[in-house]
Amino acid sequence: MREVAVSLLRDAVRDLCLEANVVIPDDTLQALERALIEETSLRGRSILEEILANDRRARECRLPACQDTGLAIVFLELGQDVSLVGGDLCQAINEGVRQGYRRGYLRNSVSVDPLRRANSGDNTPAVLHLEVIPGDSLRLVLLPKGGGAENASALSMLTPASGWEGVRRFVLEQVCRVGPSACPPLVLGVGVGGSFGSCALLAKKALLRPLGRSHPDPQVAAWEDELKTAVNNLGIGPMGLGGHTTALSVAIEVAPCHIASLPVAVNLNCHSHRHRSVTL
Ligand code: SF4
């Protein structure tokens, strides 16, 4: 059994908060650069140039890429041969978020009570998704999730007869309705299957797939391409001002579901597609 002090996770989460908000990942920058070459709308091109300049400046100056530094979504893959010692796991993760957001002067974006709207003042609590995996390693992923894109996300319990056409229609209608307010170009994570709860998580996990990497199942990969083309044909464009760069990427994850169900969820992310991971 490998012993890991929870203080190690605290420090790792702190550093992930500091990095993820400042450094837009290379795959996102490359996707934006490709889009700039392919976009035909002059206004769309101009916006893509501004986004790229902003992201490069954020890296150089160690400043947040966006003022909305998001809800701290933390995925922890925990090896079953790891024994966590030295304190409480959730407290350690929240302390890491607290320290990271304070040290980086990052905006505190958490309402501690959803209806009375008091700000927690330190961007905690984080949303923690824990998965137990074989072995003795730990992998942490931080996804700072902006409110605009999260608000544009949705889930529907379709009937099985809806099939792929129903999934496709649901995602397109959602992007059409609220995509422009989610700061496009977008990254789309789509979950198909599972239960009401796990489908939404599937969609969020789909956002973590490197941009440009297709699903290993050729049929799912073909659906991803089809959906991306359809979304880009909507004409929403960068920041919703026209063009064909509406989505940089569409990733679909699938899971078994009840014979009477066809859950589908789409989790949108904006052009400020921030995420960072570390293996301990
Ligand atoms: S949706 Fe994204 S780019 Fe727009 S304000 Fe929120 S975090 Fe920033």
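The values are calculated or read from the model by the stated rules, or taken from the named source; none is laboratory data. Quick caveat, the model's predicted, so the values are computed rather than measured. Positions of Cβ are backbone-derived with ideal geometry, glycine not excepted, and every protein chain shown enters the neighbour counts.
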- Looking only at strands (runs of 3 or more DSSP E) that fall completely inside the range 182-280, which ones have 1 or more residues that are surrounded by fewer than 16 Cβ atoms within 10 Å (Cβ to Cβ)? 247-257, 276-279
- Mind listing whichever residues of the range 102-120 are more than 16 Å from the ligand (Cβ to nearest atom) and either among the polar types (S, T, N, Q) or touching a residue at least 60 places away in the same chain (Cβ under 8 Å) (or both)? R103, N119, S120
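Yes/no per residue for (1) in contact (Cβ under 8 Å) with a residue 40 or more places away in the chain; (2) touching an Asp or Glu at 6+ places or on another chain (Cβ under 6 Å); (3) not assigned by TED's automatic domain parsing to the domain that holds L8:
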| site | (1), (2), (3) |
| --- | --- |
| F196 | yes, no, yes |
| V220 | no, no, yes |
| L241 | yes, no, yes |
| V250 | yes, yes, yes |
| P263 | yes, no, yes |
| H271 | yes, no, yes |
- Task: Please work out which residue is farthest from the chain's Cα centre (by Cα), limiting yourself to the range 65-75 and to residues that are over 12 Å from N123 (Cβ atoms) and near the ligand (Cβ under 10 Å from one of its atoms).
- Result: Q67
- Whichever residue in the range 121-173 is within 16 Å of the ligand (Cβ to nearest atom) and of a type in the set (G, A, S) and, among such residues, is nearest to G70 (Cα to Cα): G146
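Every residue, every condition in (1) surrounded by 18 or more Cβ atoms within 10 Å (Cβ to Cβ); (2) of a type outside the set (G, A, S); (3) outside the structural domain of I133 (by TED's automatic domain parsing), yes or no:
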residue: R57; (1), (2), (3): no, yes, yes
residue: E77; (1), (2), (3): no, yes, no
residue: D88; (1), (2), (3): no, yes, no
residue: N94; (1), (2), (3): yes, yes, no
